[in-house]
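> Input: one structure, supplied below.
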Amino acid sequence: MGVLLHSYLFLIGLALGSFFNVVGLRVPIKRSIVAPRSSCPTCERELSPYELVPVFSYLFQRGKCRGCSSSISPIYACVEIVTALLFTTAPILVGWSKELMISYGLISLLVIIFISDITYMLIPNRILLFFAAYFVLGRIVVPMDPWYSPLIGAVGGFLLLLLIAVISNGGMGGGDIKLFAVLGVVFGYQELILVFFFSTLFGTIIGITGLLIGKVKRKQHIPFGPSVALAALITYFYGKQLLQWYFDFLI
């Protein structure tokens, strides 16, 4: 039964990962997520149903369009696999409880903003507003201790990133500022600090690596969303253990 259930969750994750790709690619440019059907960005040929099967279509076509043979970015297939893995492992890590609705909402948000930010360097307000409402409702159903922690987290996350944006003269985007406000509702003020720490750490590593290999120029803006997404996932699933380890180390 357990294997069957987790296989089912994996397939749901694959399908949703494909859908999140569409949302992340279309919402920032104000296109409908329903119509028209997906097409090749190079030759604009409308894709047939069997070309839209998550991951398998990419593998069967060897990462190329059947019409014009142009390469298809592997990022989208990777997003589908990662989403499937996260949906499958979330119940194992947080348990079969009401908190799972927060887990799946967080995974969905992070996958979508990852796609939109690496593609357009933009985190759409429509996405953030939708998930803000979702998480506020979620924290009413699954309250934190203390209950006001999400409120402080949302305000604190917004003000912290806003302060950094002012000091850095625009080095932090408006989408990043609002994203941290939304994450504050999920994490509360304590774990949000850990999200911020890991985000800046990963962002620094990515920036320095990009400079060293010549992919990033000095003073070039790089998307911060992927770093935030990775930091948020690590903190959500392992933050309490990391904080406990840190406090035990201090003592």
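> What whole-number value in Å² describes the accessible area per residue of the chain for a 1.4 Å probe?
Here the residues of the chain average 58 Å² of exposed surface.
> Sticking with this structure for a sec: In the range 3-46, which trypsin sites (Lys or Arg not before Pro) fall in coil by DSSP and have 14 or fewer other Cβ atoms within 10 Å?
Filter output for the range 3-46: Lys30, Arg31, Arg37, Arg45.
> So, with a 1.4 angstrom probe, what is the percent of accessible area on the range 153-209 that is carbon and sulfur?
78
> Now, a different point. Over all distinct Cα pairs, what is the inverse of the mean 1/r for the range 74-153, reported as the Kirkwood hydrodynamic radius in Å?
14.0
> Explain nothing, just the number: relative contact order of the range 156-203, from Cα pairs under 8 Å at least 6 residues apart, as a whole percent.
38
> Hey, what does the equivalent ellipsoid look like for the range 108-200, semi-axes from the Cα gyration tensor as sqrt of 5 times each eigenvalue, largest first, whole Å?
Largest first, the range 108-200 gives 21, 17, 10 Å.
> Okay, moving on. Nearest 20 debye, what's the magnitude of the dipole of the chain about its Cα centre given +1 on Lys and Arg Cβ and -1 on Asp and Glu Cβ?
Roughly 780 debye for the chain.
> Could you tell me what fraction of 2.2 N^0.38 Å the Cα radius of gyration of the range 32-108 comes to, as a two-decimal ratio?
Ratio of Rg to 2.2 N^0.38 Å for the range 32-108: 1.39.
> Another question, if that's okay. For the range 27-182, compute Rg over Rh where Rg is the Cα radius of gyration and Rh is the Kirkwood radius from the inverse mean 1/r over Cα pairs.
Computed over Cα atoms, the ratio is 1.04.
> Just list whichever of Lys98/Lys178; Lys178/Lys215; Lys64/Lys98; Lys217/Lys240 have alpha carbons separated by over 31 Å in the model shown.
Lys64/Lys98; Lys217/Lys240
> Give the dimensionless ratio obtained when the Cα radius of gyration of the range 164-251 is divided by 2.2 N^0.38 Å.
1.20
> May I pose another question? On the full set of protein chains, 1.4 Å probe, figure out the accessible area of Asp145 and give it in Å² to the nearest 10.
Result for Asp145: roughly 150 Å² accessible.
> Can you give the accessible area of Ser168 in Å² (nearest 10), computed on protein heavy atoms with a 1.4 Å probe?
In the full protein context, Ser168 sits at about 50 Å².
> A further question follows. Set Lys and Arg Cβ to +1 and Asp and Glu Cβ to -1, take the dipole of the range 1-89 about its Cα centre, and tell me which of Gly17, Ile75, Leu86 lies farthest positive.
Ile75
> Using alpha carbon coordinates only, what is the Rg to Rh ratio of the range 1-52, with Rh defined as the Kirkwood radius?
Result: Rg/Rh = 1.11.
> Starting at the first residue of the range 117-132, write each ³J(HN,Hα) from the Karplus equation 6.51 cos²θ - 1.76 cosθ + 1.60 with θ = phi - 60°, in whole Hz, x for Gly and Pro.
6, 6, 8, 10, 6, 8, 10, x, 4, 4, 5, 5, 5, 4, 6, 4
> With springs only between Cα atoms under 10 Å apart, run a GNM on the chain and tell me which of Leu212, Leu179, Leu151 wobbles the most.
Leu212
> Before anything else, pin down the relative contact order of the chain: Cα pairs under 8 Å, at least 6 apart, normalised by residue count, whole percent.
18
The values are calculated or read from the model by the stated rules, or taken from the named source; none is laboratory data. Just so it is clear, the model here is predicted, and its values are computed rather than measured. Using ideal geometry, Cβ is built from the backbone for each residue, glycine included, and neighbour counts are taken over all protein chains shown. With ligands, DNA and RNA removed, areas are computed over all heavy atoms of the protein, side chains included. Shrake-Rupley method; radii C 1.70, N 1.55, O 1.52, S 1.80 Å.
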